[in-house]
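Worksheet: the structure to be examined is printed underneath.
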Amino acid sequence: MTASVHTHAPTPSQAQSRQHPAIERADKPQSGNPQRQRRRSRWRAAATAALTLAALAGSPLLTAAPASAATIEGRALTIAESKHGDPYIWGAAGPDAFDCSGLTYYSFRHAGKRLPRTAQAQYDSVEHIPRTRLRPGDLVFFHTPGGYVYHVGIYAGHDEIWHSPHPGARVRRERIWTADVWYGRIE
């Protein structure tokens, strides 16, 4: 017994419901690197939030916020947040991988302020502030008892920082784990 294959032209209603192939392709989600798509999605969300805040900058509620997205510190914090999940690679300064000072360097550079490249040089270049003046967007420097700065992150509030911690880890928000820290503000 032989099976027969029937082909037929689409009915008028089927033909009307079909779209042009270019339109069909545009409606489909783009394939590619899923991590890159998630990063773009996070960046779009962060950019939308920053633009919304900038548009409302005349609001007295926003002008009182110490690290709103309208400030360099607020923009740098938003940029660091958008890098959540990117891998740590020693010596990397973005856009898809970072070491600790590479993340702060990249975030502030894209927010409009240049920093030196290493954690110690960044500490040497900022205004040193006491913990009582600390606000989101400031830098948190981790140091040895001898005073050598070995790590840096961007203060996120509530005793937490955004940072790229160590090889094998990814950019994340994390609680400050030691009292051996100094604080700095971009001048």
The ³J(HN,Hα) series, computed from each phi in the range 118-132 with the Karplus coefficients 6.51, -1.76 and 1.60 at θ = phi - 60°, rounded to the nearest Hz and given as x for glycine or proline, is 9, 4, 5, 5, 5, 4, 5, 9, 9, 6, 7, 10, x, 4, 5
When T144, T132, T118 are ordered from fewest to most other Cβ atoms inside 10 Å of their Cβ, what list results? T132, T144, T118
Using +1 at the C-beta of Lys and Arg and -1 at the C-beta of Asp and Glu, which of T132, H110, Q120 has the Cα lying farthest in the positive direction of the dipole of the range 100-187? H110
Fewest to most Cβ atoms within 10 Å: E174, E187, E127 sort as E187, E127, E174
³J(HN,Hα), Karplus 6.51/-1.76/1.60, whole Hz, each residue of the range 163-171, x for Gly, Pro: 7, 10, x, 5, x, x, 9, 10, 4
Can you put S101, S125, S164 in order of Cβ neighbours within 10 angstrom, beginning with the fewest? S125, S101, S164
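Readers should treat all values here as calculations from the given coordinates under stated rules, not as data from a laboratory. Small disclaimer: the values here were computed from a predicted structure and weren't measured. Neighbour counts run over all protein chains shown; Cβ positions are idealised from the backbone, glycine included.
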